[in-house]
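Structure record follows, encoded as structure tokens.
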Amino acid sequence: MKNENWQEIEEAKKAAIEVLLNNAHGPFHGLPRTAGWGYPEPYTRDLMFSIFGIAVIKNKELLDSIRKVLETLAANQTEHGHIASLVHDKEDRGSSDTTPLFLLATGIYRKVTGEHNFLKQAVEKALTWQEYQSPSDRFLVAQQPTSDWRDEQWTTGYGLFVNTLVYSYLKMLGLNDRAQNIKQAMSRFTITSGTTHHHVPEGLVVKHKPYYAFWSYKIHSNERFDLLGNSLAIISGIASPSRSEEMISWIEEACTEMIAKGELAVELPPNFFPYIMPEDPDWMPRYALYNNPGEYHNGGIWPFICGLYIAALVAAKKFKLAEEKLFILTRLIQTSNTNTVSFGFNEWIKAQDGKPMGQDWQTWSAALYLYAAICVEEKRTLFFDDLEN
């Protein structure tokens, strides 16, 4: 990468830290805000993801801020161990990913600070809650539709994203035997025969494709590509080195084809593809309002997910490609809705024209950019590269 590109990346890193510091204290009990101007609320999942970037720069003010978030979540934890969707509101419940993200974030915080028993009781309760999220009473956890970060998209049963989080927090917390059970369960094929047998449990591997299914449950599954879940599968070590390499080649080839068809205007992968079209059986009427093809959860480009994809490239030792994608992301995060800032760190980008569509100065967009940049610089996926050991 050229020196001027690295200089631009350094400027973007400084801007990302500025965003995080600006968002560190919001109007709700002094907790961080989710975006600089919109989203003043402290959304749990956004702030849990932000620890990736906060932990790698080790800024004391930001670490203190995320500690307050974790302690507040623990204080608002339900009797049975569930973590709320809003940090300050114990009654805002029902998310499938907030408890796994809390466990993962706490594990990362422990690594950074050396406080190995930090929030011990809350962690134990959350682990128990997660044990009861498996309908089969085995290993994979299930979820209700629209209960994870995709609040405008149906994910039913054993979702890839949530189960990669479960594997990741188990490894991060040193619960390796339980993590291995999740990995083995995910490595089974999805059931496509139309008939279930008690001795053939479902999994998340897709026949003749290198990636994992979006979700699977009994004889049903969705084999569209989920960038977030599959990136975490690579980073965490669920995907083998050979599967990771095949998956990345598949992603890059698919994106080249989408660009040629006019379905993609940026050389970064959408969060989800192929897009769900109005004529498809998995189209929902509400998608016409909030989730059109190439937009939001139905194929929008999300900078925070692209940051994790870049980290996945590093994990797969695709260092040159990771550098190239980091520079493209650096250019993308400069775009903004307000046109009043040099770096917008927008929430999401429309795939077909590359225009920012969400809120500027999004906390997780800034945090995951920092994480991606430092992973590329150090040629390792921080916090995850030693999990197998």
Of the residues that make up region 234-250, is at least one free of Cβ contacts under 8 Å to residues at least 24 places away in the same chain and either surrounded by 17 or more Cβ atoms within 10 Å (Cβ to Cβ) or aromatic (Phe, Trp, Tyr) (or both)? no
If you check ALA254, ALA233, ALA239, which single one turns out to be assigned to a helix (DSSP H, G or I) and under 16 Å from SER168 (Cβ atoms)? ALA233
Quick test of your reading of the structure: HIS297 fulfils all but one of (1) of a type outside the set (Val, Ile, Thr); (2) surrounded by 18 or more Cβ atoms within 10 Å (Cβ to Cβ); (3) over 29 Å from VAL19 (Cβ atoms). Name the failing condition by number. (3)
In region 23-42, how many residues are crowded, with 24+ Cβ neighbours inside 10 Å and among the hydroxyl-bearing types (Ser, Thr, Tyr)? 1
Scanning region 331-383 residue by residue, the ones that are farther than 27 Å from PRO293 by Cα, modelled with pLDDT under 95 and not small (Gly, Ala, Ser) total 2
Restricting region 317-343 to residues that are touching a Pro at 6+ places or on another chain (Cβ under 7 Å) and of a type outside the set (Val, Ile, Thr), the one nearest to PHE214 (Cα to Cα) turns out to be LEU329
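Scan ALA372, ALA322, ALA351, ALA288 and give me the residue that is part of a loop (DSSP other than H, G, I, E, B) and not hydroxyl-bearing (Ser, Thr, Tyr). Show your work before the answer.
Values: ALA372 fails: part of a loop (DSSP other than H, G, I, E, B); ALA322 fails: part of a loop (DSSP other than H, G, I, E, B); ALA288 fails: part of a loop (DSSP other than H, G, I, E, B).
Sole residue among the options that is part of a loop (DSSP other than H, G, I, E, B) and not hydroxyl-bearing (Ser, Thr, Tyr): ALA351.
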In region 170-186, residue modelled with the highest pLDDT [restricted to those that are part of a helix (DSSP H, G or I) and of a type in the set (Gly, Ala, Ser)]: ALA179
Every listed condition ((1) part of a loop (DSSP other than H, G, I, E, B); (2) under 26 Å from LEU329 (Cα atoms)) holds for ASP282 save (2)
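Residue-by-condition table, conditions (1) in contact with a Leu (Cβ under 8 Å, 6 or more places away or on another chain); (2) buried (at least 21 other Cβ atoms within 10 Å of the Cβ):
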residue	(1), (2)
GLN7	no, no
GLU11	no, no
LEU20	yes, yes
LYS58	no, no
LYS68	yes, no
ALA74	yes, no
THR78	no, no
ASP89	no, no
Let me spell it out: the conditions are (1) surrounded by 19 or more Cβ atoms within 10 Å (Cβ to Cβ); (2) under 18 Å from the mean Cα position of the chain (by Cα), and THR330 meets all of them except one. Which number is the exception? (2)
Report every pair of residues separated by at least 6 positions or lying on different chains whose Cβ atoms are under 7 Å apart, first residue within region 109-121 and within 24 Å of HIS82 (Cβ to Cβ), second in a helix (DSSP H, G or I) and aromatic (Phe, Trp, Tyr). PHE118/TYR109
Evaluation of ARG150 against (1) farther than 15 Å from SER216 by Cβ; (2) part of a loop (DSSP other than H, G, I, E, B); (3) without any contact (Cβ under 8 Å) to a residue 60 or more places away in the chain; (4) not hydrophobic (A, V, I, L, M, F, W, C) (one fails), failing number: (3)
Going through region 325-348 one residue at a time, which ones are among the hydrophobic types (A, V, I, L, M, F, W, C) and not in a loop (DSSP other than H, G, I, E, B)? LEU326, PHE327, ILE328, LEU329, LEU332
If you check ILE276 against the conditions, is it over 18 Å from the mean Cα position of the chain (by Cα), among the hydrophobic types (A, V, I, L, M, F, W, C) and farther than 29 Å from ILE374 by Cα? yes
Listed residues GLU61, GLU41, GLU18, GLU10; which is charged (D, E, K, R) and touching a Lys or Arg at 6+ places or on another chain (Cβ under 8 Å)? GLU41
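The values are calculated or read from the model by the stated rules, or taken from the named source; none is laboratory data. All figures in this text were calculated on a predicted structure; none of them were measured in a lab. Neighbour counts run over all protein chains shown; Cβ positions are idealised from the backbone, glycine included.
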